[in-house]
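First the structure, in the form of C-alpha cells, and then the observations on it.
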C-alpha cells in the first residue's frame with residue numbers, strides 16, 4: 001500500500017494553476033500578516049522559497065518583505081484606487097467614480113480574491129488599511145495590533161472595552177486567514193505562532209475569546225458591492241465587459257456565496 005500523500009500536496013498543486021493576480025494577492029496577504037505580527041522576514045523568505053507562490057525573482061525582495069519592489073508598487077497602486085473609490089462612495093460621489101477604476105478593482109481584487117477563496121470585501125478592507133499604514137510614516141514600523149494596543153492604555157471605559165473586543169476579533173480573523181492561505185504547514189506554524197504570541201501580549205488575560213465565532217472580520221462600514229456598482233454604471237461599462245469574455249464569464253459565475 002502506498003503511503004498517504006504529504007499534507008498540503010493537493011493544495012500546493014492547486015496553487016500552481018492560479019493566475020498571476022491571484023498569486024500576487026496571496027503573497028501580499030502572507031506578507032501583510034507577517035508584518036502585523038512581527039514575523040522575521042528572513043525566516044519567512046526561507047520557508048516560502050520552496051512553495052508554489054515563491055517569487056520567481058527572490059533576489060528582488062526587499063529586506064523587510066517577501067514582495068519585490070515591483071510587487072509592492074502594484075499593491076500600492078491597487079490600494080490607492082481602492083481607497084479613493086471607498087472615499088467617493090462614502091461621500092455619495094458615485095458619479096465621480098471612473099468605470100476604468102471599477103473594472104480594475106474587479107479584475108485585480110474581486111476575481112483573484114475569489115480564486116484564492118477569500119471574501120473580496122475582506123480583501124478590499126485589507127488593502128485600504130495597508131494604504132493608511134503605508135502613507136503614515138509614524139505607523140510604518142508599527143504593527144496594526146500594536147497601534148490598537150496604545151489606545152487601550154487608558155483608564156478602563158466603555159470605548160476601551162469595545163476596542164478590546166474588536167482586537168479579539170482581529171486576532172481570530174488573522175488566525176483563520178493564515179489557516180486558509182498558508183501554502184504549507186511550516187508557514188502556518190511560523191505565522192500562527194506569532195499571532196498567538198501577539199494575542200497573549202495584547203489581549204486582556206481574562207478575555208474569553210472562545211465566545212467569538214471563528215471567521216474573517218472587517219469593518220462593515222466600508223463594505224460595498226463591486227457587482228452592484230458595475231451594474232449601476234450603464235451601457236458604457238458593460239461594453240468594456242463584452243470586450244473581455246473571460247472577466248464577463250467570471251462576473252456571472254464567481255463569488256455567489258459572499259454577502
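Counting every other Cβ atom within 10 Å of each residue's Cβ, 39, 209, 63, 109 order from fewest to most as 63, 209, 39, 109. Extension gain, residue 91-residue 42: 0.36 nm per intervening residue step, less the Cα-Cα distance, totals 13.4 nm. Residues 213, 132, 107, arranged from fewest to most other Cβ atoms within 10 angstrom of their Cβ, appear as 213, 132, 107.
Compute the Cα gyration tensor for region 18-118, then decide on rounded, prolate or oblate, letting a ≥ b ≥ c be the square roots of its eigenvalues: rounded whenever a/c is under 1.5, prolate when a/b is larger than b/c in the other cases, and oblate in all that remain. Prolate. Seen from every direction in turn and averaged, the convex hull around the alpha carbons of region 83-138 projects onto 4.4 nm².
Each residue, residue 72 and residue 19, gets one label point 7 Å from its Cα in the Cβ direction; the gap between the two is 2.7 nm.
In this simple spin-label approximation, residue 163 and residue 180 carry label points 7 Å from Cα along the Cα→Cβ vector, and these lie 2.8 nm apart. Residues 71, 186, 100 in ascending order of nearby Cβ atoms (within 10 Å, fewest first): 100, 186, 71. Placing R0 at 35 angstrom, the Cβ-Cβ distance between residue 80 and residue 212 gives a FRET efficiency of 0.60 after rounding to 0.05.
Every number here is computed from the coordinates shown, using simple stated rules; none is lab data. Given the structure is predicted, the values throughout are model-derived calculations rather than measurements. Counting neighbours? That spans all protein chains shown, and the Cβs are built from the backbone with ideal geometry, glycine included.
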